[in-house]
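Colleague: Sending over a structure as structure tokens; questions will come in a sec.
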Amino acid sequence: EKDVAAIDVNMGCPKEYSTKGGMGAALLSDPDKIEAILKKLVKGVSVPVTCKIRILPSLEETVNLVQRIEKTGVTAVAVHGRFKDERPRHPVHCDYIQAVAQAVSIPVIAK
């Protein structure tokens, strides 16, 4: 932590090498684990903690998750505006990102 300005947890990587091991976007199916990881980091380090997610199947689920993430004490959240199975050739769901930004008070970074 003394060598970095912040710690960012990538909970949005859809690549098989991440999800197969329960990392990246695989975490999106376990909000309790997301909350536990982020709370532990926020309390355990002196630098800011942020995280990146992908959007969930519904807007309501996505907003609820980011509200839970906000309560962990992270300083910002990046929202990749695509579902786990979507790639750069698919359009970004800007409506999800906008709804998330309106639902929380921490900075939301559109990814």
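The values are calculated or read from the model by the stated rules, or taken from the named source; none is laboratory data. Values in this document were obtained by computation on a predicted structure and should not be read as measured data. Using ideal geometry, Cβ is built from the backbone for each residue, glycine included, and neighbour counts are taken over all protein chains shown. Accessible surface is based on the protein model in full, side chains and every heavy atom, while ligands, DNA and RNA are left aside. Shrake-Rupley method; radii C 1.70, N 1.55, O 1.52, S 1.80 Å.
Colleague: Is it the case that the range 94-110 has a residue that's on the phi < 0 side of the Ramachandran plot, touching a Phe, Trp or Tyr at 6+ places or on another chain (Cβ under 8 Å) and crowded, with 16+ Cβ neighbours inside 10 Å? Outline the logic, then answer.
Modeller: Here is the first cut: in the range 94-110, the ones on the phi < 0 side of the Ramachandran plot are 94-110.
Subset that is touching a Phe, Trp or Tyr at 6+ places or on another chain (Cβ under 8 Å): none.
Checking the range 94-110: not a single residue is on the phi < 0 side of the Ramachandran plot, touching a Phe, Trp or Tyr at 6+ places or on another chain (Cβ under 8 Å) and crowded, with 16+ Cβ neighbours inside 10 Å.
Colleague: Continuing with this model, one more query. Filter the range 32-41 down to the residues that are closer than 22 Å to LYS111 by Cα and crowded, with 17+ Cβ neighbours inside 10 Å and list them by number. Break it down stepwise before answering.
Modeller: From the range 32-41, those closer than 22 Å to LYS111 by Cα are 34-35, 37-38; that's our starting set.
ILE34, ILE37, LEU38 - these are the residues of the range 32-41 that are closer than 22 Å to LYS111 by Cα and crowded, with 17+ Cβ neighbours inside 10 Å.
Colleague: LEU27: of a type outside the set (Phe, Trp, Tyr), modelled with pLDDT of 95 or more and touching a Lys or Arg at 6+ places or on another chain (Cβ under 7 Å), yes or no? Step through it out loud before you land on a result.
Modeller: On the way: of a type outside the set (Phe, Trp, Tyr): yes; modelled with pLDDT of 95 or more: yes; touching a Lys or Arg at 6+ places or on another chain (Cβ under 7 Å): yes.
Answer is yes for this residue.
Colleague: Name the residues in the range 51-86 that are touching a residue at least 60 places away in the same chain (Cβ under 8 Å), open to solvent by 60 Å² or more (accessible area, probe 1.4 Å) and under 17 Å from LEU28 (Cβ atoms), would you?
Modeller: Within the range 51-86, LYS84, ASP85 qualify.
Colleague: Counting only residues that are surrounded by fewer than 12 Cβ atoms within 10 Å (Cβ to Cβ) and in contact with a helix residue (DSSP H, G or I) (Cβ under 9 Å, 6 or more places away or on another chain), how many does the range 9-31 have?
Modeller: Just the residues of the range 9-31 that are surrounded by fewer than 12 Cβ atoms within 10 Å (Cβ to Cβ), to begin with: 15-17, 20-22.
Retained after the next criterion (residues that are in contact with a helix residue (DSSP H, G or I) (Cβ under 9 Å, 6 or more places away or on another chain)): 15, 17, 20, 22.
Within the range 9-31, residues that are surrounded by fewer than 12 Cβ atoms within 10 Å (Cβ to Cβ) and in contact with a helix residue (DSSP H, G or I) (Cβ under 9 Å, 6 or more places away or on another chain) number 4.
Colleague: Across the range 43-59, what is the number of residues that are more than 19 Å from VAL100 (Cβ to Cβ) and either in a helix (DSSP H, G or I) or at pLDDT below 95 (or both)?
Modeller: Of the residues in that region, 2 qualify.
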